[in-house]
Amino acid sequence: RAKAEGRGTIRFFEPGMEAEAQRLRRTEADLRTALEQGELTVVYQPQRDLSDGRVRSVEALVRWRHPTRGLLMPDAFIPVAESSGLIHQLGKWVLDEACRQVRAWRDQGLDLRVSINVSAAEARCDGVLEALDQAFAAYDLHRTDVEVELTETLLVDPTDKPMAALLAGLQTRGVRVALDDFGTGYSSLGYLKDLPIDTIKIDRTFIAGTDTRDGRILLEAMIDLGQKLGKRIIAEGVETEEQLDWLKGTGCDAVQGFRIARPLPPELIPRDAS
Ligand code: C2E
Ligand code: MG
Ligand code: MG
Ligand code: MG
C-alpha cells in the first residue's frame, strides 16, 4: 500500500516537472538554432537628456523572433541562456550588433551612444572585454560610444575577482559603466564610492513611487546622493506626464521609459535624436 501511495505521489508531481524540464531543454535547443539562424534582433530605447530634451544615448534590448512562439522578451530566454552557457554567444552577438548599429547611425549623421546590458554569467568570463575591443576596431568607434550596464547585485561582493577584473578592464579602456536597477539590490551603498561607476539608473519601482510623499522623499534622496557623488543619473520606467514633470525639478540627468519612447527598431529612432 505504501508503495502504491509512493507511486501515486510520484505520478502526481511527475508530469508538471517533466513538462517544465522539457520546455527548458526545448528553449535551449531553439536558442542555439536562433543564434545560428539570425532570429535575434535588438531594439533601442531612447534616453532623453532633461537639460535640453535631446536623445544622445539609447539602450540596446534583445528580442527573439521565435518561428512558432512569436516575439519573445528577454525574461523568457535570458535565464535559459545563462544556465546553458549560451549567454556568452548571445551577449557577444548583441554587443557586436549594437556597435554595428552605432556605426550605421553615425554614417547617416546620427550621433548616438549605446548602453549594453551585461548579465552575471557573462561578466564572470573574459569574453566581454575581448568582444568590446573587437567591435571598437571593426566599427571604428570611440570607447565612449559604449556604456556597459551591470546590475547592483553583481557588484556587492568585493571579493569577486572576475567582476573586479571586468570593472578594471572597462575603466582602463574608458568604457562607461552604468549601475542598472539601482535600489533593488538590497546591498550596502559602500560600493558607490569604491567602484568606477559613471551612471546610476534608478529602478522604475522608485519612479512609480512619485505619487506618494514618502516615495518622493526617497527618490529625492537617491538622486541627491548620486549627484553629490558625481554620477550621471537616469530615471528608468518613466510612464506618465506627472512623473516626467516631477523629475524635471530634480537633479536627474536623463529619463527613459514608455512616456519618452518604447524600445524601437533602429530605423524608427527619431532622425532629430541628436
Ligand atoms: P533593464 O536593463 O532594466 O531594461 C529595462 C526594461 O524595462 C526593458 O525590458 C524595457 O523594455 C522596460 N521598460 C522601459 N521603459 C519602461 C516603462 O516605462 N515601463 C515599464 N513597465 N517597462 C519599461 P525588456 O526589454 O523586457 O528587458 C528586460 C531585462 O532583460 C532588462 O532589464 C535586462 O536586464 C535584460 N536584457 C535585455 N536585453 C539584454 C541583453 O542584450 N543582454 C542581457 N544580458 N540582458 C538583457
Ligand atoms: Mg538595462
Ligand atoms: Mg533596469
Ligand atoms: Mg533589469
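Based on what the data block shows, is ASP181 buried (at least 17 other Cβ atoms within 10 Å of the Cβ), at positive phi and touching a residue at least 24 places away in the same chain (Cβ under 8 Å)? When the stated conditions are applied, ASP181 passes them. Filter segment 19-62 for residues that are without any contact (Cβ under 8 Å) to a residue 24 or more places away in the chain and at negative phi and give the result. Within segment 19-62, ALA19, GLU20, ALA21, GLN22, ARG23, ARG25, ARG26, ALA29, THR33, GLU36, GLN37, ASP52 qualify. Among the candidates VAL102, VAL80, the residue that is modelled with pLDDT under 95, in contact with an Asp or Glu (Cβ under 9 Å, 6 or more places away or on another chain) and surrounded by 15 or more Cβ atoms within 10 Å (Cβ to Cβ) is uniquely VAL80.
Out of the residues in segment 233-249 that are at pLDDT 95 or above and part of a loop (DSSP other than H, G, I, E, B), which is farthest from ligand 1 (Cβ to nearest atom)? Per the stated criteria, the residue is THR240.
For segment 219-251, a residue qualifies if it is touching a residue at least 60 places away in the same chain (Cβ under 8 Å) and in contact with a strand residue (DSSP E or B) (Cβ under 8 Å, 6 or more places away or on another chain), and the qualifying residues are ILE234, LEU247.
Within segment 161-174, take every residue that is surrounded by 14 or more Cβ atoms within 10 Å (Cβ to Cβ) and within 16 Å of ligand 1 (Cβ to nearest atom) and give me the one that is farthest from GLU147 (Cα to Cα). So the residue we want is MET163.
So that you can scan it fast, the table gives a plain yes or no per residue for (1) of a type outside the set (Lys, Arg); (2) more than 16 Å from ligand 2 (Cβ to nearest atom); (3) within 22 Å of ASP181 (Cβ to Cβ):
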residue: ALA29; (1), (2), (3): yes, yes, no
residue: LEU35; (1), (2), (3): yes, yes, no
residue: THR41; (1), (2), (3): yes, yes, no
residue: ARG69; (1), (2), (3): no, yes, no
residue: ALA81; (1), (2), (3): yes, no, yes
residue: ALA104; (1), (2), (3): yes, yes, no
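Set side by side, the residues GLU149, GLU241 differ, and just one is over 18 Å from ASN117 (Cα atoms) and not basic (Lys, Arg), which is GLU241.
Taken together, the criteria place SER57 among residues that are small (Gly, Ala, Ser), buried (at least 21 other Cβ atoms within 10 Å of the Cβ) and not in a helix (DSSP H, G or I).
Per the conditions (1) more than 28 Å from ILE260 (Cβ to Cβ); (2) assigned to a helix (DSSP H, G or I), the sole criterion not satisfied by ASP75 is (1). The residues in segment 173-208 that are more than 15 Å from ligand 4 (Cβ to nearest atom), of a type in the set (Val, Ile, Thr) and farther than 16 Å from ALA254 by Cβ can be counted, and the count is 1.
Selection of first residues in segment 105-123 that are closer than 27 Å to ALA168 by Cα and of second residues that are within 16 Å of ligand 1 (Cβ to nearest atom) and among the aromatic types (Phe, Trp, Tyr), restricted to Cβ pairs under 8 Å at least 6 apart or on distinct chains, gives the following pairs, ordered by first then second residue: VAL114/TYR44.
Of ALA135, ALA131, ALA98, ALA104, all but one fail to be touching a Cys at 6+ places or on another chain (Cβ under 7 Å), of a type outside the set (Asp, Glu) and assigned to a helix (DSSP H, G or I); the exception is ALA135.
Of everything listed in (1) in a helix (DSSP H, G or I); (2) modelled with pLDDT of 95 or more, the single unmet condition for GLY230 is (1).
Evaluating PHE258 against the criteria (1) within 15 Å of ligand 3 (Cβ to nearest atom); (2) touching a helix residue (DSSP H, G or I) at 6+ places or on another chain (Cβ under 9 Å); (3) in a loop (DSSP other than H, G, I, E, B); (4) not small (Gly, Ala, Ser) leaves one unmet condition, (2). The single residue among GLY169, GLY174, GLY190 that is without any contact (Cβ under 8 Å) to a residue 40 or more places away in the chain, more than 16 Å from the chain's Cα centre (by Cα), under 17 Å from GLU130 (Cβ atoms) and more than 16 Å from ligand 2 (Cβ to nearest atom) turns out to be GLY174.
The values are calculated or read from the model by the stated rules, or taken from the named source; none is laboratory data. Keep in mind that this is a model prediction, so the values were computed, not measured. In this analysis, Cβ positions are derived from the backbone assuming ideal geometry, glycine residues included, and neighbour counts consider all displayed protein chains.
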